[in-house]
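K.L.:
Have a look at the structure that comes next, please.
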Amino acid sequence: MKRALLLMLALALIAAPVGAGPRKVATRPQKAVSPKSLEKAILASSKMAVVKAAATKGKTRDAKKPAPRGAARVAFSLAGEMRPTSEVVGRKPEQLTLEESVAKQIEKLLRGPLRRGITGLYVADAKTGEPLFAVNSEDSLNPASNVKMISTATALELLGPSFRYSTRVLGREPDTSGAIKGNVYLLGTWDPTLDISDLDKLADQIAKRGVTKLDGDIVVGSDPTRDGMYRAMVPIEIVAGEPGQPPTATAPPGFDFVEIEMKAKTDKRVRKKHKLTFAATTIQNADGKKRIKLTIAGLIGKTGTKTYGLYTRERTWMASHALRAALRAHNVAVTGDVRSVELGDYIGDAVGAAGLPIELARHDSEQLQDIVRRVNKWSINWLADRVIMTAAALARRTTPSMSVAVEAMYDWLQRHPQLDKSTVMIDTGSGLSYRTRMTPVELVKIVRAAGGFVAGSDATQSKAWLDSLSVGGTDGTLRSRFRVNELRGHLRGKTGSLSTVIALSGLLEMDPTRPLAFSLITNTTGPLKKGFVRKAHEQVVSLLAEYLTATAKPMSMPVGTPVKVGAPVSTPLPEIDENAPTPSEEIAEPQPDPELDYEAAEKEAPASSSSAAEPD
């Protein structure tokens, strides 16, 4: 009984409006409420959606502090002033202005399909920054992969849109017989896109110089990624043997640094339950050379075949072996092995022996603006982190690290949207983190700054960044969304998703003279139904598109004009079935250490542009 009374008192304190005076208490008997029900009610009250008008000035909040709770109200712009929808309560639809009608319908969504958790929205004129609609707009939320908007804008500014990563092979000039006497050096610049085909092109260039023999080793530096392939994968081909016998497993020619221990057996039947297991360890042989030992166990059905992608963090080792194999494939005999030597020592030895080494072959990556386009359109987490880490390192002439990358992102935020790190929390370049915090207002400022809508913007960088965003109904993570004719091709945005986050920020360009910058984020305390939330987000964006169309020139409906009877701003909002099946998509979860590696994501995703660890 005492517990019930305490809970009733707590609930009354939460429900009481601030500054409320004495009020009459009903004297008729009230229905009894159990202590357990009251506990649930208190928890529900503490998790209600937060609301704050976007135009509140001069107020900041610690990004780590939880947002306050309240009742959902949308703020809208009228005659240059932000007003709450509470002012239009009780008014007939025909008495509402265009802005009021849109705000009311957005509020309906916030109280309906978006009622769980908290949804933040901020919409502003991209050119002027004038706020138009807002709810919870200054609450610190997790925007997930919207962080990629910051990391890619920072990288484009640090290196320039036309920057290319280079990978070179240095060595002596071949003699008249086509032989290179001495070692060659594989020198990279932390290219995150380098792959086996690029190393094959290097070998082809060397062969076309008339080189027929390399009388020496292929050497690389000790940095784990500078001279290597970030997505270092060796395809292992497995073929079943005779029943009861082990299958055979082979690595590509030249990849003799992979040692295979076969413990698997071939079954006389083919069954679905058959499964092979793989365990890889890095070992060092008696000769001091690193090797990868792959142990294969389990069962494979008769006549079965399988290709296993062996991913390794020995990236430079992998690249040097791949180059040696490629040279041999192009009829260049290689007498030596692969080993690690620091660049300064290599050049010093080369100068002492026969003069400065020359560039024998060179591979340049695609332009940074093209790599950034892959990052943002397909939300590729590992590539986003590698791009900003390497861009920050190259600009500051240091070794790539996430700490250097994050500091560069904070510097960009301070210079352009003029956001202070005390109110923004980022710890990755990809947004694959539950610690990220920023407000919808801040995200709109980022969109305007990166998109070139503020003074002092670099037009080339802004165009490259805008072109990298996914286009509604057309490409990237928005290819299957916003397909209606009114929106297809008129929305450019960056999606974001975690198990408790669905986000979308970008530009709505229905009216070329008045693009809208917006940020729409839903956060929940538990796993959300992403398809359900995305549909509701799409309805919000559709309302904004109708508003923009209605106010576009030369339309004769100025801001503040009441909507006529029989001409509603929007068609009735369709109901959303929360339990309806949605396309089977995985929600990306943060990896244990996003600073260092995404091996798990790499193993599951191909190297194509659709290999997004976050399939928004």
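The values are calculated or read from the model by the stated rules, or taken from the named source; none is laboratory data. Owing to the predicted nature of the structure, the values given are computational and were not obtained by experimental measurement. Because the Cβ atoms are built from the backbone with ideal geometry, glycine has one as well, and the counts that use them run over all protein chains shown.
K.L.:
For residues that are free of Cβ contacts under 8 Å to residues at least 40 places away in the same chain and of a type in the set (A, V, I, L, M), scanning just the range 405-426, find the one that is farthest from residue 382 (Cα to Cα).
P.N.:
For the range 405-426, the residue satisfying everything is 419.
K.L.:
Would you pick out the residues in the range 305-320 that are part of a helix (DSSP H, G or I) and of a type in the set (A, V, I, L, M)?
P.N.:
Selection gives 318, 319.
K.L.:
Looking at the range 356-391 only, could you name the residues that are surrounded by fewer than 21 Cβ atoms within 10 Å (Cβ to Cβ) and in contact with a Lys or Arg (Cβ under 8 Å, 6 or more places away or on another chain)?
P.N.:
358, 359, 362, 363, 364, 365, 366, 367
K.L.:
Just one of 273, 181, 208, 213 is under 30 Å from residue 356 (Cα atoms) and loosely packed, with under 15 Cβ neighbours inside 10 Å; which is it?
P.N.:
So the residue among 273, 181, 208, 213 that is under 30 Å from residue 356 (Cα atoms) and loosely packed, with under 15 Cβ neighbours inside 10 Å is 208.
K.L.:
Can you spot a residue in the range 306-316 that is at pLDDT below 95 and over 30 Å from residue 385 (Cα atoms)?
P.N.:
Within the range 306-316 (the criterion being at pLDDT below 95 and over 30 Å from residue 385 (Cα atoms)), the answer is yes, since at least one residue qualifies.
K.L.:
Further question: So which of 519, 480, 505 is small (Gly, Ala, Ser) and farther than 16 Å from residue 451 by Cβ?
P.N.:
Of the residues listed, the single one that is small (Gly, Ala, Ser) and farther than 16 Å from residue 451 by Cβ is 480.
K.L.:
Moving to a separate point now. Select from the range 273-313 the residues that are farther than 19 Å from residue 248 by Cβ and of a type in the set (A, V, I, L, M, F, W, C) and list them in ascending order.
P.N.:
Those that are farther than 19 Å from residue 248 by Cβ and of a type in the set (A, V, I, L, M, F, W, C): 283, 286.
K.L.:
Right, here's the next one. Does residue 126 satisfy the criteria of being in contact with a Phe, Trp or Tyr (Cβ under 7 Å, 6 or more places away or on another chain), touching a residue at least 12 places away in the same chain (Cβ under 8 Å) and over 30 Å from residue 351 (Cα atoms)? Steps first, answer last, please.
P.N.:
Numbers: in contact with a Phe, Trp or Tyr (Cβ under 7 Å, 6 or more places away or on another chain): yes; touching a residue at least 12 places away in the same chain (Cβ under 8 Å): yes; over 30 Å from residue 351 (Cα atoms): yes.
Yes; evaluated as a whole, the condition is true for this residue.
K.L.:
When the range 316-347 is examined, which residues are found to be under 19 Å from residue 174 (Cα atoms) and more than 37 Å from the chain's Cα centre (by Cα)?
P.N.:
Selection gives 328, 329, 330, 331, 332, 333, 334, 335, 336, 337, 346, 347.
K.L.:
Which of (1) touching a strand residue (DSSP E or B) at 6+ places or on another chain (Cβ under 8 Å); (2) more than 21 Å from residue 145 (Cβ to Cβ); (3) not basic (Lys, Arg) does residue 395 not meet, given it meets every other one?
P.N.:
(1)
K.L.:
Next question, about the same structure. Only one of 239, 211 is hydrophobic (A, V, I, L, M, F, W, C), in contact with a strand residue (DSSP E or B) (Cβ under 9 Å, 6 or more places away or on another chain) and more than 20 Å from residue 361 (Cβ to Cβ). Can you tell me which? Lay out the reasoning, then the answer.
P.N.:
On the way: 211 fails: more than 20 Å from residue 361 (Cβ to Cβ).
Just one listed residue meets the conditions, 239.
K.L.:
Given the options 360, 394, name the one that is closer than 30 Å to residue 218 by Cα and outside any helix (DSSP H, G or I).
P.N.:
Details: 394 fails: outside any helix (DSSP H, G or I).
Selected residue: 360, the only one of 360, 394 that is closer than 30 Å to residue 218 by Cα and outside any helix (DSSP H, G or I).
K.L.:
Continuing with this model, one more query. Taking the stated definitions as given, is residue 249 outside the structural domain of residue 300 (by TED's automatic domain parsing), buried (at least 16 other Cβ atoms within 10 Å of the Cβ), among the small types (Gly, Ala, Ser) and not in a loop (DSSP other than H, G, I, E, B)?
P.N.:
Criteria not met by residue 249.
K.L.:
Would you confirm, using the coordinates I've provided, whether residue 386 is under 26 Å from residue 136 (Cα atoms), assigned by TED's automatic domain parsing to the domain that holds residue 152 and either part of a loop (DSSP other than H, G, I, E, B) or out of contact with any strand residue (DSSP E or B) (no Cβ under 7 Å at 6 or more places or on another chain) (or both)?
P.N.:
No, not satisfied.
K.L.:
In the range 229-272, what count of residues is obtained for those that are of a type in the set (A, V, I, L, M, F, W, C) and at pLDDT below 90?
P.N.:
Of the residues in that region, 3 qualify.
K.L.:
Residues 493, 473, 451: which one is under 17 Å from the mean Cα position of the chain (by Cα) and in the same structural domain as residue 413 (by TED's automatic domain parsing)?
P.N.:
The unique qualifying residue is 493.
K.L.:
Would you mind finding the one in 286, 297, 279 that is touching a Phe, Trp or Tyr at 6+ places or on another chain (Cβ under 9 Å) and either more than 30 Å from residue 336 (Cβ to Cβ) or in a loop (DSSP other than H, G, I, E, B) (or both)? Let's see the steps before the verdict.
P.N.:
On the way: 286 fails: touching a Phe, Trp or Tyr at 6+ places or on another chain (Cβ under 9 Å); 279 fails: touching a Phe, Trp or Tyr at 6+ places or on another chain (Cβ under 9 Å).
Every option except 297 fails the conditions.
K.L.:
Among (1) modelled with pLDDT under 95; (2) under 24 Å from residue 200 (Cα atoms); (3) of a type outside the set (Lys, Arg); (4) assigned by TED's automatic domain parsing to the domain that holds residue 202, where does residue 347 come up short?
P.N.:
Of (1) modelled with pLDDT under 95; (2) under 24 Å from residue 200 (Cα atoms); (3) of a type outside the set (Lys, Arg); (4) assigned by TED's automatic domain parsing to the domain that holds residue 202, only one is false for residue 347: (2).
K.L.:
Something else: All but one of (1) out of contact with any helix residue (DSSP H, G or I) (no Cβ under 8 Å at 6 or more places or on another chain); (2) at pLDDT below 95; (3) not β-branched (Val, Ile, Thr) hold for residue 340; state the number of the condition that does not hold.
P.N.:
Result: residue 340 fails condition (1) only.
K.L.:
Right, something else. So is residue 186 surrounded by 23 or more Cβ atoms within 10 Å (Cβ to Cβ), more than 30 Å from residue 355 (Cβ to Cβ) and touching a residue at least 24 places away in the same chain (Cβ under 8 Å) or not?
P.N.:
no
K.L.:
Between 188, 178, which is farther than 29 Å from residue 502 by Cβ, of a type in the set (Gly, Ala, Ser) and within 31 Å of the chain's Cα centre (by Cα)? Steps first, please.
P.N.:
Numbers: 178 fails: within 31 Å of the chain's Cα centre (by Cα).
Only one candidate qualifies: 188.
K.L.:
Still on this structure, I have one more. For the range 488-539, which residues satisfy the criterion of being closer than 17 Å to residue 441 by Cα, among the aliphatic types (A, V, I, L, M) and surrounded by fewer than 24 Cβ atoms within 10 Å (Cβ to Cβ)?
P.N.:
Matches in the range 488-539: 507 only.
K.L.:
Right, something else. Can you tell me how many residues in the range 501-550 are of a type outside the set (Gly, Ala, Ser), assigned to a helix (DSSP H, G or I) and farther than 17 Å from residue 74 by Cβ? Break it down stepwise before answering.
P.N.:
Of all residues in the range 501-550, those of a type outside the set (Gly, Ala, Ser) come to 501-502, 504, 507-516, 518, 520-525, 527-530, 532-535, 537-541, 543-544, 546-549.
Subsequent filtering for residues that are assigned to a helix (DSSP H, G or I) retains 530, 532-535, 537-541, 543-544, 546-549.
The next check asks that each one be farther than 17 Å from residue 74 by Cβ; those that pass are 530, 532-535, 538, 549.
Of the residues in the range 501-550, 7 are of a type outside the set (Gly, Ala, Ser), assigned to a helix (DSSP H, G or I) and farther than 17 Å from residue 74 by Cβ.
K.L.:
Answer yes if at least one residue in the range 222-236 is within 37 Å of the chain's Cα centre (by Cα) and over 30 Å from residue 384 (Cβ atoms), and no otherwise.
P.N.:
no
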